[in-house]
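> One structure coming up, written as structure tokens, with questions to follow.
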Amino acid sequence: MAENLAPEKRHTFVHNGQKVFEWDQTLEEVNMYIELPKGVPTKLFHCTIQASHVEVGIRGNPPYLNHDLMHPVKTDSSFWTIEDAGSKRVEGIISLSDIFKFLLSL
């Protein structure tokens, strides 16, 4: 079914000429990809996913991303992870679940 199709490409969200994050989506989820700063231990990164809000940052600093969501997500099936993105890059991935199922049910 179409809801299981993988996204074809990532899109870029830019603010004031700087890439903030990349994202892709299916009918069931939105994935956000944030390039994490080099040299910061991964245990210092944090991400909080609430039904209508997401926050990402480095502990002890102001959040890098502190954003209200336009539509609620299911927090019990949304998650975040840190992965090696190659070329000495580390990427935080936030997966927000069931955002479009909610929209389609309206």
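Quick note: the coordinates plus some simple rules give every number you see, no bench work behind them. Since we're looking at a predicted model, the values are computed, not measured.
> Amide H neighbours of Ala85 under 5 Å, counting only residues 5+ apart in sequence or on other chains, H built in-plane at 1.01 Å?
Long-range HN contacts for Ala85: Val90, Glu91.
> Same structure, new question: Show which aspartates and glutamates lie in cross-link reach of Lys9 when reach means a straight Cα distance below 13 angstrom and same-chain residues fewer than eight apart are skipped.
Leaving aside aspartates and glutamates fewer than 8 places away in the same chain, those within reach of Lys9 are Glu22, Asp24.
> A follow-up question, please. Restricting things to alpha carbons, tell me how big the stretch 39-80 is in terms of Rg and Dmax, in Å.
So, for the stretch 39-80, Rg and Dmax equal 11.3, 34 Å respectively.
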